[in-house]
Amino acid sequence: MSMRETFLSTMDEALDVDPQLAVVLADISADQLAAAKLRHPDRVLNVGIREQLLISVAGGLALTGMRPVVHTFASFLVERPFEQIKLDLVHQGVGAVLVSSGASYDMANAGRTHQSPADVALIDTLPCWTVHVPGHAEEARRLVLESLVGDCNVYIRLSEQANAAPHLAPGFQTLQRGRTGVVVAVGPTLDKVLAATSGTDVTVLYASTIRPFDAAGLRAAVEVTGVADVVLVEPYLAGTSALFVADAFADVPHRLRSLGVRRGAEVRGYGDMADHDLAHGLDETSIAVAVKEFLR
Amino acid sequence: MTTATESGFADLPRLLSLMTGDEKHSAASTSTLDVLWVLYDRVLDVSPSRMRDPARDRFLLSKGHGPMSYYAVLAAKGFIDPGELADWGSDESRLGMHPDRMRVPGVEISSGSLGHGLPLAIGSVLGLRAQRLSRPKVVVLVGDAELDEGSNHEAIALAGREAMDQLTAVVIDNSSSTHGWPGGIARRFEVEGWVTRVVDGRDQDALAAAFTEPHPARPLAVIAVVEPKD
C-alpha cells in the first residue's frame with residue numbers, strides 16, 4: 001500500500017476507536033473514506049472543493065474539543081489556505097493534524113499547479129509545529145497514529161516516493177558511519193542517499209521527523225565523525241532546514257551543502273518523478289556528485 | 001428582565017466613553033451595539049462562569065475591527081473589568097484593536113482578518129454535532145463589507161446544505177461594501193437554503209424576535225440594517 005492508502009485505512013480504523021476524532025476532506029480521498037462516513041457521518045466531513053473552509057472547519061472543530069485530521073493535496077492544504085492555517089489554527093490556539101499527499105512532484109505530469117515543494121518552508125513560518133516526512137508506509141502509519149494523540153499542530157507529508165524499508169525509531173537515526181562528514185537524508189530521499197554514499201566514508205543520518213529538528217542528534221553525529229561538514233538532502237525546497245543546522249552549530253565553525261528542490265527556476269516540465277529528481281539534482285548520481293565534491 | 005435590560009443598556013454609553021473619551025458616539029462606532037446587547041442580554045445562554053461549559057452558546061465576532069461595543073457589552077456582563085477599558089489598545093492592555101481569544105475572557109475567536117468567523121462557526125457547529133450537543137447555538141457577527149471575502153461564500157453554501165439549525169449569522173448592514181449586493185444581502189443566504197430575516201438593527205425587540213423565533217432544519221441569517229457608513 002502507498003503512504004496515502006495506508007493513511008486512509010489507518011483513519012478508517014481510528015475513527016471507530018476515538019469519538020473525538022474527525023476527518024475533514026475537500027473531495028480528495030472522499031471515495032476511500034466512504035465506508036467510514038457511513039459508520040460516522042458526523043465525523044467524516046467533506047466540504048467539497050473549498051480549501052479555505054477545509055482548514056476553518058478544522059479550527060472550529062478543535063474549538064469545540066474535537067481532534068481534526070485534515071487531508072488533501074499539499075498545494076491545496078498548505079499553500080492555498082495558508083492564512084486559515086495561520087489564523088484559524090495557530091492564532092486561535094488550537095491544533096489539527098494536516099496530512100498532505102502529492103509532495104513536491106508526485107503528480108509530475110499534472111504540472112506546477114499540483115506541485116508543492118514550499119509546504120514545509122511555509123509551515124516553518126509558524127510556531128510550534130511538528131513536521132513528519134515519512135519515507136515508508138509503515139512510518140506513515142506510526143506517525144499518523146502518534147499525531148492523533150495530543151492537541152498540537154502536526155503536518156504529515158505523504159509521498160508516492162518511498163524507501164524499501166521502514167525506519168521507525170524517533171530522532172535522527174544513524175544508518176551509516178564515516179569520517180568525512182554527515183549526510184542527513186529526509187524521508188523518501190533515503191534510498192537514493194544510501195545508494196549515492198555507498199562505499200564512501202560518510203555518516204548518513206535518517207529523519208522521518210524534521211520538526212522539531214534533532215539538533216542534539218546531528219551534533220552527536222558530528223562529534224563522532226569529527227568534522228562539522230553537513231549535507232542536507234530534503235525532498236522539498238533546498239535549504240528548508242538550513243537555519244536549523246546553523247542554529248545547531250551556532251558556536252562551531254561548520255560547512256553546509258543543502259540539496260533539495262531548486263528555488264531558482266519555475267520548472268515547467270511534465271514527465272514523471274524521476275524526471276523531476278533529475279531536474280532538481282535529487283537523483284542518485286547528482287547526490288553522489290554533490291556529496292563527493294563537498295565532503296573531501 | 002425588562003428593568004435589567006434598560007439599566008444595563010443605559011450603562012453602555014459610559015463604558016464606551018471610557019474607550020473613546022467622547023460623550024457622544026458616532027453611528028459607525030456603535031453599529032453593532034444593539035445587536036450585541038440583545039444577544040448577550042436576551043438570546044445567548046452564556047456567562048463568565050460557563051466559558052468552559054461545552055453546552056454553552058457561542059458568540060463569534062468575525063468583524064473584529066471597531067470592538068468598542070463588544071468590549072463594553074463584555075464589561076457590562078461581567079466578562080471583563082470595566083476598569084480595563086480606559087487603556088485599551090495600549091501595550092499594557094489585553095484589549096486590542098482586534099480581540100484575542102487567548103487573552104480576553106469571553107472572547108470565543110481571535111479576529112481581525114475578515115472572512116474567518118463564519119467558516120469557524122461552521123466548524124464549531126459540526127464539532128458540537130459530532131459530540132451530540134444539539135442545543136447550543138453558534139451566533140456569528142459579520143459585516144456587509146466583510147461578505148466581500150470569498151471564504152464566507154464557501155461557508156454559506158455548506159451551512160445551508162448541512163441544514164445547520166444551530167447556526168445564526170447576523171450581518172450588520174451599514175452599506176459599506178464597495179460593490180454592494182444587488183437584490184439584497186438576504187438573497188445570498190436564501191438561495192443556499194437559509195432562513196433570512198431583515199430587521200432594523202436598532203430595534204432591540206425586533207432583533208430579539210428575529211434571533212429567537214424557530215428556524216427548524218435551516219441556518220438563520222439576520223440582516224441587521226443600521227445607518228449607512230459615512
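The values are calculated or read from the model by the stated rules, or taken from the named source; none is laboratory data. Being a predicted model, the structure only gives us computed values, none of them experimental. With ideal geometry, Cβ positions are generated from the backbone for all residues, glycine too; neighbour counts draw on all protein chains shown.
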In segment B:18-55, the residues that are of a type in the set (Ser, Thr, Tyr) and at pLDDT 95 or above = B:Thr32, B:Tyr40, B:Ser47, B:Ser49
Please tell me if A:Val70 is closer than 23 Å to B:Gln131 by Cβ, within 9 Å of chain B (Cβ to nearest Cβ) and buried (at least 20 other Cβ atoms within 10 Å of the Cβ).
-> no
Scan of segment B:8-66 for residues that are among the polar types (S, T, N, Q) and either more than 30 Å from B:Ser134 (Cβ to Cβ) or surrounded by fewer than 18 Cβ atoms within 10 Å (Cβ to Cβ) (or both), ordered by number | B:Ser17, B:Thr20, B:Ser26, B:Ser29, B:Thr30, B:Ser31, B:Ser47, B:Ser49
Counting only residues that are out of contact with any Pro (no Cβ under 7 Å at 6 or more places or on another chain) and at the interface with chain B (Cβ under 7 Å from one of its Cβ atoms), how many does segment A:49-59 have?
-> 2
Helices (runs of 4 or more DSSP H) wholly inside segment A:1-82 containing at least 3 residues that are within 20 Å of B:Val138 (Cβ to Cβ) = A:51-63
On the given criteria, is B:Leu114 within 21 Å of A:Phe82 (Cβ to Cβ) and of a type outside the set (D, E, K, R)?
-> yes
Across segment B:89-107, which residue is nearest to the other protein chains (Cβ to nearest Cβ) among those that are buried (at least 18 other Cβ atoms within 10 Å of the Cβ) and over 17 Å from A:Gln84 (Cβ atoms)?
-> B:Asp100
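Yes/no per residue for (1) in the same structural domain as A:His71 (by TED's automatic domain parsing); (2) at pLDDT below 95; (3) in a helix (DSSP H, G or I):
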residue	(1), (2), (3)
A:Pro117	yes, no, no
A:Val120	yes, no, yes
A:Thr130	yes, no, no
A:Pro134	yes, no, no
A:Val144	yes, no, yes
A:Gly150	yes, yes, no
Among residues belonging to segment B:115-136 that are outside any loop (DSSP other than H, G, I, E, B) and more than 7 Å from every other protein chain (Cβ to nearest Cβ), point out the one that is farthest from the chain's Cα centre (by Cα).
-> B:Val125
Taking interchain pairs and intrachain pairs at least six residues apart, which have beta carbon atoms under 6 angstrom, with the first residue in segment A:222-235 and closer than 16 Å to A:Glu284 by Cβ and the second among the aromatic types (Phe, Trp, Tyr)?
-> A:Val231/A:Phe294
May I ask you to list the residues in segment A:250-271 that are exposed (fewer than 13 other Cβ atoms within 10 Å of the Cβ) and under 22 Å from A:Leu194 (Cβ atoms)?
-> none
Only one residue in A:Leu194, A:Leu190 is in a helix (DSSP H, G or I), out of contact with any helix residue (DSSP H, G or I) (no Cβ under 6 Å at 6 or more places or on another chain), free of Cβ contacts under 8 Å to residues at least 40 places away in the same chain and not β-branched (Val, Ile, Thr), so which one is that?
-> A:Leu194
Any hit, segment A:16-27, residues being more than 11 Å from every other protein chain (Cβ to nearest Cβ), surrounded by fewer than 21 Cβ atoms within 10 Å (Cβ to Cβ) and on the phi > 0 side of the Ramachandran plot | yes
